[in-house]
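The structure under discussion is supplied below as structure tokens; questions concerning it will follow.
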Amino acid sequence: MLQFDIVTIFPEIFVSYFSESIIKRAVKNNLIKIKIHNLRNWSQGVHKQVDDRPYGGGPGMILMMEPIAKALEAITVNRLPLTANKKKTVNSKRLPVSRIIMLTPAGKKFNQREAERLAKYDQLILLCGRYEGFDARVDKLVDEKISIGDYVLAGGELPAMVVLEAVARQVKGVVGHDHALAEETFSKGLDYIEYPQYTRPEIVEIRNQKSEIRKLRVPKILLSGNHAKIKKWRGKMSNKAR
Ligand code: ADE
């Protein structure tokens, strides 16, 4: 079972999201496991310090290396690379493989392909930064760095949630219905539907900016019951979306 370990100084951030979304169901059905770790558990001293000022001066605070090193050591199951680990078996069972990931705007851009790749691991450790960043030596402790986009957020917590959800959706059974198996989009390697979809009612009335009433209708073809034609139309509309 794929296990996510999140290392953060704000563990509470994750509680409500993971207890409401499809993630909740996935955990309940034992499809994935999530552990949230407070970095302060590995800090030293009465002040539970995890950050300090940068050497050489400058604004803000930097996450210290030592608590992170201790946390990762305690959490990581087995850090061998996937390939090297293939042959490693104990009682003919393959050893689990961990991947340590730092969330940072300086990382490699995350996308659907990356989500598919990461879903192959057994344990994903998501390290969330805050403040002005990590002590640069933390680089030596991680396998890769991931960014969810070219913008700077206050910390790695939202990115960790984004990565977790996108990866978890790749785990069999997490997405309820067997996702769009026969759909055009699926065969293109995308797991979302690109053609426009409609539900009841057939006609919706809205007022435009001139306060005139406009009727918005469901395309007739979708009401036709002709599945061959609908399929063709959806294909055409998907291509349009690209
Ligand atoms: N931390 C702050 N901004 C981030 C981003 N865009 N991606 C990943 N981690 C981040």
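Out of GLY225, GLY149, GLY189, GLY173, report the one residue that is modelled with pLDDT under 95 and out of contact with any Ser or Thr (no Cβ under 8 Å at 6 or more places or on another chain).
Exactly one of GLY225, GLY149, GLY189, GLY173 is modelled with pLDDT under 95 and out of contact with any Ser or Thr (no Cβ under 8 Å at 6 or more places or on another chain), namely GLY189.
With the requirement that a residue be surrounded by fewer than 19 Cβ atoms within 10 Å (Cβ to Cβ) and assigned to a helix (DSSP H, G or I), what does the stretch 143-165 give you?
Passing the criteria: LEU158, VAL162, GLU165.
With respect to VAL204, determine if the residue is at pLDDT 95 or above and outside any strand (DSSP E or B).
Answer is no for this residue.
Taking the stretch 109-142, which residues are loosely packed, with under 14 Cβ neighbours inside 10 Å, more than 10 Å from the ligand (Cβ to nearest atom) and either farther than 21 Å from LYS172 by Cα or not assigned by TED's automatic domain parsing to the domain that holds ALA69 (or both)?
ALA136, ARG137, ASP139, LYS140 - these are the residues of the stretch 109-142 that are loosely packed, with under 14 Cβ neighbours inside 10 Å, more than 10 Å from the ligand (Cβ to nearest atom) and either farther than 21 Å from LYS172 by Cα or not assigned by TED's automatic domain parsing to the domain that holds ALA69 (or both).
Sticking with this structure for a sec: Of all residues in the stretch 44-73, count the ones that are crowded, with 19+ Cβ neighbours inside 10 Å, under 24 Å from GLN3 (Cβ atoms) and not β-branched (Val, Ile, Thr).
4
The values are calculated or read from the model by the stated rules, or taken from the named source; none is laboratory data. Keep in mind that what you see is a predicted model, and the values were worked out from it rather than measured. Cβ sites come from the backbone with ideal geometry, for glycine too, and all protein chains shown count toward neighbours.
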